[in-house]
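The values are calculated or read from the model by the stated rules, or taken from the named source; none is laboratory data. Nothing here was measured: the structure is a model prediction, and the numbers come from that model. Here the Cβ positions follow ideal geometry from the backbone for every residue, glycine too, while neighbour counts run over all protein chains shown.
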Amino acid sequence: MLQALDIAILGAGAMGSLFGGLLAEADHRVTLVDIDDTHLDAIRREGLHLTTDTGSRVVSNLCVSRPEQVAAAPQLLIVFTKTMHTEAALASAQALLGPHTAVLSLQNGLGNVERIARHVPRERVMVGMTTWPADKPGAAQVSSHGAGEIRLMNADGEAHAHVRRTVDALNSAALNCTADPDVWSAIWEKVAFNAALNSVCALTQCTVGELSSLPDGEALTLKIVAEVAAVARASGVAVDEAHVVGNVRHALANHRAHRPSMLQDVLAGRKTEIEAINGAVVAAAHAVGVAVPCTDCLLQLVRLVDARGAR
Ligand code: NAD
């Protein structure tokens with residue numbers, strides 16, 4: 001019989017609300033922790049309106065809290081803030097970090113383990129990659145369409161008991177999760193995809209489809225994929241570059257109306273995750289002596305856009 005876990009989600013936006021809602025539906029005791037009072041108050045009043053391919057419903061067995069008001073540490077903490085908010089979120093929610101709390105990051109980008117390991121011993125930090133998509137159209141609303149998967153592993157590479165418990169909990173919510181010793185390949189492959197499509201769309205304000213209609217749109221994105229793959233290989237991570245190229249081509253051909261999250265952030269005047277994606281790739285490239293001129297140029301340009309948005 002499945003063990004119901006005490007789970008907190010730190011950062012209950014699109015992904016955090018999706019995961020929290022599905023885990024609560026699977027009878028885990030879930031608390032959504034966020035600083036967005038409008039979202040939290042609406043969930044307190046109405047429950048979470050969750051729409052997936054299996055239909056629309058209201059999840060009403062969720063607890064919500066601001067970080068500084070959390071009362072008890074969970075068995076499992078899933079961090080789903082944007083990467084640049086991880087540290088502030090963890091610092092303000094120390095009551096979430098008990099002596100036995102395992103922490104999972106499925107955030108995009110690189111550096112997630114290092115950020116969390118400043119607050120929690122590495123043997124209790126899990127890291128992974130998910131292809132589940134989520135949107136948050138309004139307060140107390142979340143939607144997700146299409147299939148996805150999760151691959152995760154402990155940051156120290158050991159198969160601790162909390163890894164199996166976490167995989168089982170996520171699978172009880174039909175989130176299609178596997179413990180994967182090669183998780184870094186999956187993480188870097190997603191970084192390559194995001195470094196290519198997110199930064200170019202954020203700068204040009206093109207949808208994925210508009211980008212593909214430019215004569216050099218595909219060539220530019222594939223150049224970035226090649227740069228990131230070279231850095232990964234030089235860093236000792238085996239990436240399947242052909243697989244990423246296939247994913248990029250598929251997105252260019254089929255996800256034509258999609259606005260990648262970095263473009264959505266720019267349009268909303270929010271800071272982007274460029275530092276955890278292109279920024280982390282450029283830092284890793286310097287460490288292993290690989291040239292990444294396109295990734296670096298896009299990093300500098302998105303930094304300018306971020307700085308302009310901050311004004
Ligand atoms: P989001 O912006 O919808 O949600 C982030 C949430 O964090 C917000 O509700 C925000 O209020 C909250 N937050 C910010 N600072 C906080 C703090 N100090 N304490 C507590 N909460 C705080 O972002 P998202 O789309 O859910 O993405 C989360 C992560 O998952 C990102 O790293 C993203 O790249 C990754 N990801 C997103 C998707 C997707 O489809 N949305 C898919 C895979 C991975």
Output for Cβ contacts, cut-off 7 Å, separation at least six or different chains, first residue more than 13 Å from HIS250 (Cβ to Cβ) in the range 203-223, second among the hydrophobic types (A, V, I, L, M, F, W, C) and not in a helix (DSSP H, G or I), reads THR207/ALA257
Among helices (runs of 4 or more DSSP H) entirely inside the range 160-266, those with 3 or more residues being charged (D, E, K, R) and either more than 22 Å from the chain's Cα centre (by Cα) or not assigned by TED's automatic domain parsing to the domain that holds ALA24 (or both) are 217-234
In the set ALA186, ALA174, the lone residue that is out of contact with any His (no Cβ under 8 Å at 6 or more places or on another chain), surrounded by fewer than 18 Cβ atoms within 10 Å (Cβ to Cβ) and within 27 Å of LEU152 (Cβ to Cβ) is ALA174
Reported set for the range 126-143 where residues are assigned to a loop (DSSP other than H, G, I, E, B), touching an Asp or Glu at 6+ places or on another chain (Cβ under 7 Å) and of a type in the set (Gly, Ala, Ser) is ALA140
Output for Cβ contacts, cut-off 7 Å, separation at least six or different chains, first residue more than 15 Å from LEU110 (Cα to Cα) in the range 272-297, second modelled with pLDDT of 95 or more and acidic (Asp, Glu), reads VAL292/GLU227; CYS294/GLU227
Selection from the range 284-311 of residues part of a helix (DSSP H, G or I) and either in contact with a strand residue (DSSP E or B) (Cβ under 8 Å, 6 or more places away or on another chain) or of a type in the set (Val, Ile, Thr) (or both) yields VAL288, THR295, VAL302, VAL305
Considering residues that are crowded, with 18+ Cβ neighbours inside 10 Å, within 14 Å of the ligand (Cβ to nearest atom) and either part of a helix (DSSP H, G or I) or not assigned by TED's automatic domain parsing to the domain that holds ALA234 (or both), the number found within the range 267-283 is 6
- Task: Determine, yes or no, whether ASP34 is assigned by TED's automatic domain parsing to the domain that holds LEU152, crowded, with 20+ Cβ neighbours inside 10 Å and of a type in the set (Asp, Glu).
- Result: yes
Being within 16 Å of the ligand (Cβ to nearest atom) and free of Cβ contacts under 8 Å to residues at least 60 places away in the same chain narrows VAL79, VAL167, VAL183, VAL70 down to just VAL183
Exception for THR54 within (1) closer than 28 Å to VAL163 by Cα; (2) in contact with a strand residue (DSSP E or B) (Cβ under 8 Å, 6 or more places away or on another chain); (3) away from the ligand (no atom under 12 Å from the Cβ) falls at (2)
Restricted to the range 1-19 and to residues being more than 8 Å from the ligand (Cβ to nearest atom) and in contact with an Asp or Glu (Cβ under 7 Å, 6 or more places away or on another chain), the residue nearest to ALA91 (Cα to Cα) is ALA4
